[in-house]
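Note sheet for the following structure.
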Amino acid sequence: MVVSVKNDTRLTSSQSFLCAGFAGLFSKTITSPLEVVKIKRQVGTFHCKGGFLQTFLVIHRNEGLRGFWKGNMASCLRLFPYTAVHLTTYRKIVHLHMDELGFISQWRAIFAGGLAGVAAALLTYPLEVVETRLIAQNSRQPTYIGVAHTLSKIYRNEGLPALYRGFSLTVLGAVPFSVGCYAVYMSLDKLWQEPSFRFTPLQNFINGCIAAGVAQTLSYPFETVKRKMQHSQKRMVMTVEKT
């Protein structure tokens with residue numbers, strides 16, 4: 001199956017970038033409480049001894065409403081450079097694989113999206129590590145205060161590799177994510193029994209939600225291991241020999 005990739009002449013590249021960035025800021029901020037609960041359960045903090053709802057209640061009781069937006073600043077700061085690299089890389093890869101009529105296979109388009117995501121993650125990964133550390137820490141005895149302090153402290157105490165700890169899981173997780181998207185899109189096209197260019201906005205929305213849900217489920221184990229690696233700290237034990 002092939003798809004046509006056309007430039008949207010209604011918006012300039014800068015306008016497309018800003019729209020994607022601000023949409024991301026809005027969605028990240030709105031869904032931050034869910035992200036906080038998810039990360040705490042992934043790394044296994046004391047908040048998540050009960051179920052999903054119990055974790056919400058424990059966070060609210062111990063950290064208040066502000067606890068649900070811990071790490072959101074790092075997440076939002078990451079969005080604009082991530083979006084810029086992702087859009088640029090995706091367009092370059094897609095145009096390399098388009099035929100003379102402007103068509104590209106759906107599999108290659110999804111692969112281009114996965115590769116662009118890995119490139120964008122490489123640039124912004126340290127901020128993802130910062131987000132995880134800020135969310136997972138005990139707010140009563142905070143180790144990190146703010147984005148800049150967290151970056152400098154991790155670099156000073158653990159070195160540059162710590163800011164990229166777990167990045168290999170991002171690359172590995174991109175494979176089942178891309179395969180999941182492709183498989184679902186191919187199945188849904190047959191389910192609707194009409195060509196994709198005739199899909200209504202509602203059909204495209206449903207397709208996107210189902211594809212993202214399946215792809216996220218397939219890649220979730222990689223995400224969990226990655227978050228645990230981001231949260232782990234290299235403890236340096238120094239012994240002083242008495243002479």
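Readers should treat all values here as calculations from the given coordinates under stated rules, not as data from a laboratory. Computed from a prediction, not measured in an experiment: that's the story for all the values here. When we count neighbours, we look across all protein chains shown, and the Cβ atoms used for this are built from the backbone with ideal geometry, even at glycine.
Annotations
- The Cβ shell under 10 Å around Q230 holds other residues with a net charge of +3, Lys and Arg each +1, Asp and Glu each -1.
- 20 Å reach of a label modelled at R66, 7 Å along Cα-to-Cβ, counting backbone N of the stretch 114-154: 130-151
- The chain: DSSP helices with Cα axial extent of at least 18 Å and average Kyte-Doolittle hydropathy no lower than -0.5: 13-30, 72-97, 106-136, 167-192, 201-231
- Summary value for the stretch 10-231: 22 percent relative contact order, contacts being C-alpha pairs under 8 angstrom separated by 6+ residues.
- q = 0.08, 0.17 Å⁻¹: log10 I(q)/I(0) that the Debye formula gives for the stretch 10-231, counting C-alpha atoms only: -0.34, -1.35
- Report note on the peptides 157-165, 119-127: ranked by the mean count of other C-beta atoms within 10 Å, highest first, their order is 119-127, 157-165.
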